[in-house]
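The values are calculated or read from the model by the stated rules, or taken from the named source; none is laboratory data. Small disclaimer: the values here were computed from a predicted structure and weren't measured. So basically every Cβ, Gly included, is an ideal-geometry build from the backbone, and we count neighbours across all protein chains shown. Only protein heavy atoms, including side chains, enter the accessible area calculation; ligands, DNA and RNA are left aside. Shrake-Rupley method; radii C 1.70, N 1.55, O 1.52, S 1.80 Å.
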Amino acid sequence: RVRPLLRPLLAPVRMVLARAEADAERFRSLGVPAGRVRVAGNIKYDLGRDERPLEWAEAVRTMASGRPIVVAGSTMEGEETVVLDAVAALVADGERPFLVLAPRHPERFDAVATLLSDRGLKVCRRSEGEVISDVDVFLIDTIGELARAYSLADAAFIGGSLVPTGGHNPLEAAVWEVPVVSGRHVHNFREVYDEMTAAGGAVLVDGGAELGARLREWLDDPAAAGAAGAAGHEVVVRNRGATARTAAELLEMMGGR
């Protein structure tokens, strides 16, 4: 219905560099001439490891005291409770993973800290910069450090996915060869998750019970967790190159300058 309206708006477009063939076909169906539409790939896969040191990495390892580390990143309201219940079930079964928790929005840092304390958990806040003993949760209440925090993880939960907000980028964990578990609300990264789950680098779950079960499998079997992490990393490597292809196409269009 909108194609006749969009055709004149799209007529001046000289080139469309689509993420995938399905996206390219949508542009063609809207009236962009086929010769102007090319598949360049998804530049999200060109994510690399941020090798800058984390000043608190050794502190976290010290507080973990040899326990496996689970990083729950970019969590939204309502997800922390589910994650904590899943981890509590692991503790009841004899596993006691060390949880690194990073809420998505800074305005929720204090509320999440209160939630943890109200559940009787001993918390170390990143902003306080203190190493304490018998810690249950390390709370990242700062900005810009989560992507590097995945380097410490034996397994990762990527938030925004148990609640219908569309999910967040699982490649931030996959680039460190960390296996990923998420809820099913991942439409903002559907293509990435489709490939990650097909390869075995990520698993989608319906709720806390399945989340806990998957974490238990990986923590009980480090070899299986390592294989899943390696599979996710291979997805990243296999799909790299979109940034270079995009730049080359743009330079050619501009006359090679």
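Worth pointing out:
- Karplus-derived 3J(HN,Hα) values for segment 43-48, using 6.51 cos²θ - 1.76 cosθ + 1.60 with θ = phi - 60°, are 5, 4, 6, 7, 4, x Hz; glycine and proline are entered as x.
- Using the Karplus relation 6.51 cos²θ - 1.76 cosθ + 1.60 with θ = phi - 60°, the per-residue 3J(HN,Hα) values for segment 95-112 come to 7, 9, x, 8, 9, 9, 10, 10, x, 5, 10, x, 5, 9, 4, 5, 5, 5 Hz, with x marking Gly and Pro.
- Taking the longest Cα principal axis of the chain as reference, the axis of helix 242-253 is set at about 20 degrees.
- Over every Cα atom in the chain, the radius of gyration and the widest Cα-Cα span, Dmax, amount to 21.0, 66 Å.
- Amide H within-cut-off set for Thr75, under 5 Å, with H built and near neighbours excluded: Ala102, Arg104, Gly159
- Selection among Val2, Leu90, Gly78 by position relative to the dipole of segment 1-154 gives Val2 as farthest towards the positive end (Cβ unit charges, Cα centre).
- Taking all protein chains together, Val135, Val123 sort by accessible area into Val123, Val135, largest first [probe 1.4 Å].
- Shape category assigned to segment 71-179 from the gyration tensor of Cα positions, a/c cut at 1.5: rounded
- Per residue convex hull volume, Cα atoms of segment 154-257, in Å³: 96 Å³
- Which of Leu219, Tyr45, Phe109, positive extreme of dipole for the chain (C-beta unit charges): Tyr45
- Theoretical ellipticity at 222 nm over the chain - DSSP helices of four or more residues, -39500 (n - 2.57) apiece, nearest 500: -12500 deg cm²/dmol
- The calculated P(r) of segment 1-137, using every Cα pair and 5 Å bins from 0, goes 2, 8, 14, 14, 11, 7, 6, 6, 8, 8, 8, 6, 2, 0 in percent.
- Charge tally for Pro106 (other residues, Cβ to Cβ under 14 Å; Lys, Arg +1; Asp, Glu -1): -1.
- Per residue, the chain exposes 49 Å² of accessible surface when a 1.4 Å probe is rolled over the protein heavy atoms with every protein chain present.
- A straight line joining the Cα centroids of segment 1-19 and segment 117-143 runs 51 Å.
- Ala155 long-range amide H proximity, modeled H, under 5 Å: Ile69, Val71
- Ratio Rg/Rh [Cα only; Rh per Kirkwood] for segment 199-257: 1.34
- Most mobile of Val100, Val71, Val16 in a GNM of the chain (Cα contacts under 10 Å): Val16
- Carbon and sulfur %, accessible surface of segment 114-257 computed with the full protein complex present, 1.4 Å: 52 percent
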